[in-house]
Amino acid sequence: MKRAIYPGSFDPVTKGHLDIIARSSRLVDELIVGVLNNRAKNSLFFTDERVSMLEELTSEFKNVTVGSFDGLLVDYAKRMDAAIVIRGLRAVTDFEYELQIAQTNHEVYPDIETVFLTARLEYAYLSSTMVKEFASYGGDISRFVPQQIIKRIYAKYGMG
Ligand code: PNS
């Protein structure tokens, strides 16, 4: 059985993330979306908020579950008995960083394989950071994130 983890900060989840989830869920038997509990990072959403938004948005996918993790991704993968890590690649600028993480993870846990899915062109420019920047100035984020979470994002900036 092929069980994979799609890890990330998902702060907030974007349409680009959801596209990677939909596509990778068709490649594996079970997909775990792993939300990094990045306390050091200045997150907009608490980890449990990010998990519940992802749960709501992925409920249509029967082989997708959502969890969170602290610490190293490889340790989480071992705990979850997952041998595949999924990551999305938007542009060549992502590549160097992603290559380094994938190689490090493979070095410390040779059973793990990282599979890269290329972002759809329409989402190639999209990032959570850009969504936050836009939202913080009251910009229209409806093209970037699913409609169900738009209000929750503006609310974090005291709008809406
Ligand atoms: O959505 P992001 O912020 O690009 O996701 C990055 C993530 C969560 C995949 C990466 O930071 C990660 O795996 N963090 C867990 C800590 C870890 O294992 N670091 C070692 C990488 S060399």
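Residues whose amide H falls under 5 Å from that of I86, counting only those 5 or more places apart or on a different chain, are I5, Y6, V115, with hydrogens built in the peptide plane. Mean projection of the Cα convex hull over all viewing directions, computed for the chain: 9.1 nm².
3J(HN,Hα) along the stretch 51-62: 5, 5, 5, 5, 4, 4, 7, 10, 4, 6, 8, 6 Hz, from the Karplus curve 6.51 cos²θ - 1.76 cosθ + 1.60 with θ = phi - 60°, whole Hz, x for Gly and Pro.
Can you give the FRET efficiency for S52 and I101, using 1/(1 + (r/R0)^6), R0 = 35 Å, r = Cβ-Cβ distance, to the nearest 0.05? With a Förster radius of 35 Å, E is 0.85. Of the residues F116, V92, I149, the one whose Cα sits farthest towards the positive end of the charge dipole of the stretch 68-160 is I149 (charges of +1 on Lys and Arg Cβ, -1 on Asp and Glu Cβ, taken about the Cα centre). Scanning residues 5 or more positions from T118 or on other chains, those with amide H under 5 Å from its amide H are L89, with H placed 1.01 Å from N in the peptide plane. Temperature 25 °C, viscosity 0.890 mPa s: under these conditions the Stokes-Einstein estimate for the stretch 1-77, based on its Kirkwood radius over C-alpha pairs, is 196 µm² per second. Axis of helix 147-156 versus longest Cα principal axis of the chain: the two differ by about 70°, to the nearest ten degrees.
Every number in this text was worked out from the coordinates using simple rules, so none of it is lab data. Given the structure is predicted, the values throughout are model-derived calculations rather than measurements. For neighbour counting, all protein chains shown are included, and Cβ atoms are generated from backbone atoms with ideal geometry for every residue, glycine included.
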